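Here's the structure we're looking at; comments come further down.
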Amino acid sequence: MFFRPQARVHMLVLVPVNKQCHPLSRVVNVSEIKECLMDTIPAIELRDESIYPDDDVLQSILDKSFPAYRKLLDLFTEHDMNIEWRYYRDGKAWLCKVQRKKKTIVWMSAWKGFLQATIYFPEKYIDKVFELDISEALKDNFRSTKNAGKSKPCTFQIGDESILNDFGTVMKYKIECK
């Protein structure tokens, strides 16, 4: 069964209001549901290949999380890491690859109001992540994340500096992995 955009449906819809879902029971257009969902799902920014993500561009996207981004750059410098923003045509977005020597440690992307940083661990290093001195919430999130091929992503949504200690701990462990 499929719905045409002009189809009308009677269903219980959970509508996000101030980051909480509230029930809405009435006849609605399928397009209303799609519009509501699209407004609440964050979308990656930096889609224009011609606009390099310099500090001014990142400041406008990250807004209040920009100082956390600057702290991340300091952390990378402390550990002799290099960053490279590059446009990837397959994903149609700018991504930041963070490397130490030739080893990729972190992948970052910019989202409206936050930065997403992901560290991938090959299967043989996954168990040790759970022994690190990081929050249980992060461990639970890592545990429930699906593998990406033979690696498991540990993803951080960096909206402020509060998560940077856990991020630093996981990053240092990734650097130690051979």
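The values are calculated or read from the model by the stated rules, or taken from the named source; none is laboratory data. Model, not experiment: these values are computed from the prediction. No Cβ is skipped: glycine too gets one built from the backbone with ideal geometry, and neighbour counts run over all protein chains shown.
When only residues in the stretch 130-162 that are under 22 Å from Leu62 (Cβ atoms) and in contact (Cβ under 8 Å) with a residue 40 or more places away in the chain count, which is surrounded by the fewest Cβ atoms within 10 Å (Cβ to Cβ)? Break it down into steps so the answer makes sense when it comes.
Residues of the stretch 130-162 under 22 Å from Leu62 (Cβ atoms): 138, 141, 153-162.
Checking the rest, the ones that are also in contact (Cβ under 8 Å) with a residue 40 or more places away in the chain come to 156-161.
Working: Phe156: 22, Gln157: 14, Ile158: 21, Gly159: 16, Asp160: 12, Glu161: 15.
By that ranking, first place goes to Asp160.
Please work out which one of (1) surrounded by fewer than 15 Cβ atoms within 10 Å (Cβ to Cβ); (2) in contact (Cβ under 8 Å) with a residue 40 or more places away in the chain; (3) under 17 Å from the mean Cα position of the chain (by Cα) is the condition Phe121 fails and give its number.
(1)
Quick test for you: out of Lys71, Lys34, pick the one residue that is modelled with pLDDT of 95 or more and either surrounded by fewer than 17 Cβ atoms within 10 Å (Cβ to Cβ) or more than 22 Å from Met171 (Cβ to Cβ) (or both).
Selected residue: Lys71, the only one of Lys71, Lys34 that is modelled with pLDDT of 95 or more and either surrounded by fewer than 17 Cβ atoms within 10 Å (Cβ to Cβ) or more than 22 Å from Met171 (Cβ to Cβ) (or both).
Sort out which residues of the stretch 124-148 are of a type in the set (Phe, Trp, Tyr) and more than 15 Å from the chain's Cα centre (by Cα), and write them in order of number.
Tyr125, Phe130
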